[in-house]
Amino acid sequence: MKCLRALLAAAFLLPPGGLAGQEVVDSLTVDQAIRRVVETHPAIQEAKNGVSASEARVQVRETALSPNVVAAGSYSRVGPVPSLEFNDQSFSLFPSNNYDADLTLRHTLWDGGRRQTAVEEARSLGESAMENVDFVTSRLAFQTVAAFYGVLFLEENLRVQDEEIDALSQHLEITQGRVRAGAATDLDVLSTQVRIATARSQRVDIADALEQRRIELRQLLGLPPDTTVEPAGGLPADSLQLDLDSLEAVALARRPDVRMARNAEASADVQTRLASLGDRPSVSLDLRVGAKNGYVPNLNRIKPNFVAGMAVQLPVYDGDRTRSQVMESEAHASAARSRTEALERNVAADVERAVAAVRAAREKIGLTDVQVRQATAALELARTRYQAGVVTNLDVLDAQTLLAQARLVQLRARYEVVRGRYRLEEAVGERIW
């Protein structure tokens, strides 16, 4: 607890600029941010390692019918050695020192198609692993875009809030001058001060939200906590073409999660076929060559030897294990098809929601442009009339607040267009990296 208090105290005692050695990433564009995340994020590397594992799995399955060669050697000493007595002579039945070295080859000639089907299954899983790389990359790329433009939006939001505080502070000076001249009351000063305090409180909330977005962006970029990231540029202009039917078709063809779901269907079908091959017969060849002693008449002489044979395994009864495995695989395949169907519905809904959000934000921009012009004119008129003593201080404060709100709504509408654009690109599977 004492350590925690010391750390907190040190944090509050630091100057606003942070540490002297603080790193600054200046003029960072959205393309640079996306590229850095794609190149360095560990989640993408994890997905790529999954592809490597899938490729190795295919190679393992392909070796199922490859010959298996094993070298072995042994030595044993036996005593006492059994013997036979014949004409006053003793004959040992086997040597006391036994040597055996051999090379065994086992080769499955036919397994009922299990190896080929297993390879097909592994390749299908490998395709899903590659699609997962795109899925993870897409998710992180669009998270980066959201964090990047979130920082820009909140910086603009903070600037508007600061301008409102400055305008209210200037109005406070005017009001205090009018109080000294006897043209206003202390209530007018207090009302203005309350508005300034409210605006500053709102600024604290905006600054906190901005810092949260900066933390998210640093985390995505893999930068240390003391790094200052300064995104470059502003909110881009709207240039989307909205054709709902074609966008839904594009989404179903290009989204990596849809492709993953369809690959999962294919894998489940292959697994069903693989399970159905469980009771198929198999044919294998065994060949063993080596050298050992123990052959008559000279038991201690090491002689070459071999054994060759062919084996056929024909399952007769497996306790319905194969049938049960097929039923299980068919259930998994049916579930995979249902998941794909549900995902396709969600994709269509994602596209519709994104299109609706962009259209709504576009309409808001037109309305907010008019609202800002009207609020600006209203504030100028209120200030002029206030100086002439025609309206009250509250009228000026209300006009100032309305202008600030109108500018924030206008900024929010522009931001929502940008967010809607990238949400739509994500919904249709656009590759932005």
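A few comments on the model shown:
- Where V326 falls short, out of the listed (1) surrounded by 17 or more Cβ atoms within 10 Å (Cβ to Cβ); (2) touching a residue at least 60 places away in the same chain (Cβ under 8 Å); (3) in a helix (DSSP H, G or I): (2)
Residue-by-condition table, conditions (1) at pLDDT 95 or above; (2) part of a loop (DSSP other than H, G, I, E, B):
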site: A9; (1), (2): no, no
site: P16; (1), (2): no, yes
site: V25; (1), (2): no, no
site: I44; (1), (2): yes, no
site: E62; (1), (2): no, no
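- Selection status of S83, over 30 Å from D111 (Cβ atoms) and free of Cβ contacts under 8 Å to residues at least 12 places away in the same chain: yes
- The residues in region 257-296 that are more than 43 Å from the chain's Cα centre (by Cα) and either under 30 Å from A129 (Cα atoms) or not basic (K, R) (or both) can be counted, and the count is 14.
- Note on region 139-161: among residues that are among the polar types (S, T, N, Q) and crowded, with 21+ Cβ neighbours inside 10 Å, the one that is farthest from A47 (Cα to Cα) is Q161.
- Taken over region 297-326, the criterion of being hydrophobic (A, V, I, L, M, F, W, C) and out of contact with any Lys or Arg (no Cβ under 8 Å at 6 or more places or on another chain) is satisfied by L299, M310, A311, V312, L314, V316, V326.
- Test: N305 is closer than 30 Å to G73 by Cα, touching a Gly at 6+ places or on another chain (Cβ under 9 Å) and either in a loop (DSSP other than H, G, I, E, B) or among the polar types (S, T, N, Q) (or both): yes
- Test: residue in region 301-315 that is of a type in the set (V, I, T), free of Cβ contacts under 8 Å to residues at least 12 places away in the same chain and exposed (fewer than 13 other Cβ atoms within 10 Å of the Cβ): no
- As for region 254-274, it holds no residue that is assigned to a strand (DSSP E or B) and surrounded by fewer than 17 Cβ atoms within 10 Å (Cβ to Cβ).
- Restricting attention to region 64-98, the residues that are part of a strand (DSSP E or B) and modelled with pLDDT of 85 or more total 12.
- Residue identified as touching a helix residue (DSSP H, G or I) at 6+ places or on another chain (Cβ under 7 Å) and either in the same structural domain as L379 (by TED's automatic domain parsing) or part of a helix (DSSP H, G or I) (or both) among R178, R214: R214
- Of all residue pairs spaced 6 or more apart or on separate chains, none has beta-carbon atoms under 6 Å together with a first member in region 404-433 that is assigned by TED's automatic domain parsing to the domain that holds A167 and closer than 25 Å to R255 by Cα and a second member that is among the basic types (K, R) and at pLDDT below 90.
So that you can scan it fast, the table gives a plain yes or no per residue for (1) more than 37 Å from the chain's Cα centre (by Cα); (2) exposed (fewer than 14 other Cβ atoms within 10 Å of the Cβ); (3) of a type outside the set (V, I, T):
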{"residue": "G50", "(1), (2), (3)": "no, no, yes"}
{"residue": "S66", "(1), (2), (3)": "yes, yes, yes"}
{"residue": "G73", "(1), (2), (3)": "yes, yes, yes"}
{"residue": "R77", "(1), (2), (3)": "yes, yes, yes"}
{"residue": "F86", "(1), (2), (3)": "yes, yes, yes"}
{"residue": "W110", "(1), (2), (3)": "yes, no, yes"}
{"residue": "R115", "(1), (2), (3)": "no, no, yes"}
{"residue": "V119", "(1), (2), (3)": "no, no, no"}
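The values are calculated or read from the model by the stated rules, or taken from the named source; none is laboratory data. Worth saying up front: this structure is predicted, and the values here are computed from it rather than measured. So basically every Cβ, Gly included, is an ideal-geometry build from the backbone, and we count neighbours across all protein chains shown.
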